[in-house]
Amino acid sequence: MTDEILKTTPLNAAHRALGARMVGFGGYDMPVQYEGVLAEHRWTREHAGLFDVSHMGQCKITGADAISQFERFVPGDYAILKAGKQKYSLLLNESGGIIDDLMAGKPDHDGLFVVVNAGNKDEDFAFWSANLSGTATLTVLADRSLIAIQGPEAAEVMVAHEPVLAEMAFMDSARLMLFGVDCYVSRSGYTGEDGYEISVPNADAERIWNTILQDARVKPIGLGARDSLRLEAGLPLHGHDIDPTTSPVEGALTFALSKSRKEAASFNGADRILKELAEGPSRVRVALSVKEGAPAREGAEIADADGNVIGKVTSGGPSPTLGRNIAMGYVPPKYADLGTDLKVIVRGKAAAAEVVAMPFVATRYHRKPKA
Amino acid sequence: MKFTKDHEWVSLDGDIATVGISKHAAEALGDVVFVEVPEVGKTVSKGDSFAVVESVKAASDVYAPVSGEVVEANDALGTAPETVNADPVGEGWFARIKVSDASALDALMDQAAYDEYLTTL
C-alpha cells in the first residue's frame with residue numbers, strides 16, 4: 001500500500017495548503033480530514049461543507065442510441081426523464097448484481113452526463129466501451145474535476161455567486177456558465193443535505209474551490225466526514241453496503257427500479273430481480289441503532305435476540321448528529337421489521353441493537369412543492 | 001515517563017504503573033469516540049492487547065507496556081472518550097497495572113528518545 005503510486009486531483013495542492021491529512025482512497029491521494037472528522041461533520045449539518053470528489057468518474061454517453069443502450073444495464077427509466085433532471089441508478093451485471101451505483105442526468109441536449117464511484121470507474125468505463133452498441137458513444141471526462149457543496153447554507157452561498165442556482169430543485173441537472181466557465185451542476189450530493197455537485201474544468205478547479213471557500217459559511221470537509229454523513233443519511237457505499245453480488249432488492253434500493261422497466265423486464269439481471277420482488281430476497285439491507293458498547297463496524301456479526309448469527313454489518317460507526325452508534329447490514333427479511341431486537345457482536349461482545357428506519361437522520365433535500 | 005514504539009506511555013509510582021497513549025498517538029487517531037478499558041483484576045503480559053481505542057473511523061489496539069495485574073481502570077473514559085484527545089498523558093490514562101517486574105521499564109524509551117523516534121517515522 002505504501003508503495004502504491006497514488007493519483008492526485010487538481011485540488012491536491014489546495015488540500016495540503018489547508019493542512020489536510022491525506023490518505024490513499026480509490027487510488028487517489030485524498031484529504032481524510034482538515035480540522036477533525038466530528039467538527040467537519042457538524043459544520044456540514046449546520047452550515048456548508050465543501051468536498052473534493054474529483055476522484056469520482058465523470059463521463060458522457062451520447063448518440064442517437066445513447067438512452068436505449070444505457071438502459072440495457074440500468075433499471076431506471078431514462079427515456080422519459082425530462083431534460084434538466086437526473087436520477088440515481090445502478091449498473092447491473094447479468095445476474096442482477098450491482099457493478100456500481102451512479103447518477104445519470106440530462107443537463108443539456110447531448111445525451112447523458114454520468115457520475116460513477118472512484119474505485120469502479122475504470123471497470124465501469126471498460127464495461128460501457130465493451131457493451132454499448134449502435135451509435136451510443138462513451139466519452140470519459142478526465143479533464144473535469146468535481147466539487148460538492150453540502151449543508152443548509154449551501155444554497156445561499158452558491159446563489160450569491162449565481163442567482164439562477166436558486167431555481168434548481170433536488171435532482172435538477174443543468175449545464176451553465178459558473179465562475180466564468182462551462183460547468184455541469186446538479187442539486188444533489190451524498191450527505192442527506194441540500195447542496196450542489198459542480199463539474200468544473202480541471203484548469204479552473206483550484207480557483208473555484210478557493211473562491212467558494214472565501215465565504216465564512218463554508219469549510220473544507222474531508223472524506224472521513226463524508227462517510228459519516230452518508231451513513232447517517234442511510235445511503236449505501238459501493239464495495240461495502242452493495243457490491244456485484246448484491247441485488248437492488250437485497251440492497252433496499254427498489255426505488256431505483258422504474259415501473260415501466262420492471263414491466264418490460266428489459267435490463268440486465270431482470271429475471272433475478274423480478275423473482276426477488278415477487279418472492280422476497282434471502283437477505284435485505286437494514287439500519288441498526290446500536291444501543292450500547294463500541295461502534296459496530298464493517299464485518300461485525302449480527303445475531304438474533306438468542307445470539308444466533310444471522311448476518312453481517314456492512315458499514316457502521318458513531319453518529320455525530322445522534323450521539324450514538326449506528327450501522328447498516330444484511331439480515332434475512334424476517335428480521336428486517338422496524339423495532340426488531342437484534343445484537344451486534346464486536347470483539348466477541350454482544351451488544352443490543354434495534355432495526356430502525358432509514359435514513360437515521362432526516363434528509364433536507366430541496367424539493368419543489370407539488371403544484 | 002517512558003514510551004513504547006506502539007505509542008503507549010507508562011509512568012511508575014512504587015510498583016503501580018499508569019498507562020495511556022501518547023499525544024502523538026492521540027493526534028494521529030483523530031477524534032476518539034470510544035474507549036474499552038481492561039477489567040480490574042485482569043492479568044496482562046507485556047505486549048498483550050489490553051484496551052481498545054476507537055476514533056470515528058477505526059478501532060486500534062492498545063498494548064500493555066508492562067506485565068502485571070490491572071488494579072484500576074479509567075472508567076470515566078466510558079462516558080468521556082474525548083478526554084484522550086484533550087489530555088492524553090494526564091486525565092486520559094487508560095489503566096493502572098501493579099507491575100511484576102519494574103525493571104521491564106528500563107527497556108522503554110524516555111521522552112527524549114521517544115521524541116527522536118517520532119522524527120524517524
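The values are calculated or read from the model by the stated rules, or taken from the named source; none is laboratory data. Model, not experiment: these values are computed from the prediction. Please note: Cβ atoms are built from the backbone with ideal geometry, for glycine as well, and neighbour counts cover all protein chains shown.
Residues considered: A:A296, A:A300. Of these, the only one that is modelled with pLDDT of 95 or more, under 23 Å from the mean Cα position of the chain (by Cα), among the hydrophobic types (A, V, I, L, M, F, W, C) and closer than 23 Å to A:E40 by Cβ is A:A296. Scanning segment A:315-330 for residues that are touching a Lys or Arg at 6+ places or on another chain (Cβ under 7 Å) and not aromatic (F, W, Y) returns A:G316, A:G317, A:P320, A:T321, A:M328, A:G329. A Cβ distance below 6 Å, combined with a sequence gap of six or more or placement on separate chains, defines the contacts here; from segment B:14-42, residues that are within 26 Å of A:A296 (Cβ to Cβ) and away from chain A (no Cβ under 12 Å) reach residues that are charged (D, E, K, R) and assigned to a strand (DSSP E or B) in the pairs B:I21/B:E8. One residue alone among B:D6, B:D61 is assigned to a loop (DSSP other than H, G, I, E, B) and either within 14 Å of another protein chain (Cβ to nearest Cβ) or closer than 30 Å to A:E40 by Cβ (or both), and that residue is B:D6. Being part of a helix (DSSP H, G or I) and of a type outside the set (K, R) holds for only one residue in A:F70, A:F113, and it is A:F70. Can you work out which of the residues in segment A:21-31 that are surrounded by fewer than 21 Cβ atoms within 10 Å (Cβ to Cβ) and either over 24 Å from B:V32 (Cα atoms) or at pLDDT 95 or above (or both) is farthest from the other protein chains (Cβ to nearest Cβ)? Per the criteria, the residue is A:G27. One residue stands out in segment A:81-125 among those that are under 23 Å from A:D227 (Cα atoms), more than 12 Å from the chain's Cα centre (by Cα) and of a type in the set (D, E): the one that is surrounded by the fewest Cβ atoms within 10 Å (Cβ to Cβ), namely A:D122.
Report whether or not A:I198 is more than 21 Å from A:A327 (Cα to Cα), modelled with pLDDT of 95 or more and within 14 Å of chain B (Cβ to nearest Cβ). Judged against the criteria, A:I198 is not a match. Annotation: A:V290 fulfils all but one of (1) of a type in the set (V, I, T); (2) over 30 Å from A:F73 (Cα atoms); (3) away from chain B (no Cβ under 14 Å); (4) buried (at least 21 other Cβ atoms within 10 Å of the Cβ); the unmet one is (3). Using the structure shown, decide if B:K46 is assigned to a strand (DSSP E or B), away from chain A (no Cβ under 14 Å) and of a type outside the set (D, E). Taking the combined requirement at face value, the residue does not satisfy it.
Residues in segment A:316-362 that are in contact (Cβ under 8 Å) with a residue 40 or more places away in the chain and of a type in the set (D, E): A:E354 only. On the stretch given as segment A:226-246, residues that are closer than 21 Å to A:W128 by Cβ and either assigned to a helix (DSSP H, G or I) or touching a helix residue (DSSP H, G or I) at 6+ places or on another chain (Cβ under 8 Å) (or both) total 2. When B:A102 is tested against the conditions (1) surrounded by fewer than 20 Cβ atoms within 10 Å (Cβ to Cβ); (2) more than 23 Å from B:G41 (Cα to Cα), the lone failure is (2). Is it true that some residue in segment A:38-55 is assigned to a loop (DSSP other than H, G, I, E, B) and within 14 Å of chain B (Cβ to nearest Cβ)? Within segment A:38-55 (the criterion being assigned to a loop (DSSP other than H, G, I, E, B) and within 14 Å of chain B (Cβ to nearest Cβ)), the answer is no, since none of the residues qualifies. Every condition in (1) at pLDDT 95 or above; (2) surrounded by 22 or more Cβ atoms within 10 Å (Cβ to Cβ); (3) part of a strand (DSSP E or B) is met by B:V71 except one, and the failing one is (2).
Scanning segment A:120-146 for residues that are part of a strand (DSSP E or B) and out of contact with any helix residue (DSSP H, G or I) (no Cβ under 6 Å at 6 or more places or on another chain) yields a count of 4. Taking the residues in segment A:59-68 that are out of contact with any helix residue (DSSP H, G or I) (no Cβ under 6 Å at 6 or more places or on another chain) and crowded, with 21+ Cβ neighbours inside 10 Å as candidates, determine which candidate is nearest to the other protein chains (Cβ to nearest Cβ). It comes out as A:C59. Filtering segment A:2-28 to residues that are touching a helix residue (DSSP H, G or I) at 6+ places or on another chain (Cβ under 9 Å), in a strand (DSSP E or B) and under 15 Å from A:A205 (Cβ atoms) leaves only A:Y28. Here B:E54 fulfils each of the conditions (1) surrounded by fewer than 22 Cβ atoms within 10 Å (Cβ to Cβ); (2) within 12 Å of another protein chain (Cβ to nearest Cβ); (3) touching a residue at least 12 places away in the same chain (Cβ under 8 Å) apart from (1). Taken as a whole, segment A:242-253 holds no residue that is within 14 Å of chain B (Cβ to nearest Cβ) and within 30 Å of B:L29 (Cβ to Cβ). Just to be sure before I move on: is A:L146 closer than 14 Å to A:K60 by Cα and crowded, with 16+ Cβ neighbours inside 10 Å in the structure I sent? No: the conditions fail for A:L146. Among the residues making up segment A:312-328, none is away from every other protein chain (no Cβ under 14 Å) and on the phi > 0 side of the Ramachandran plot.
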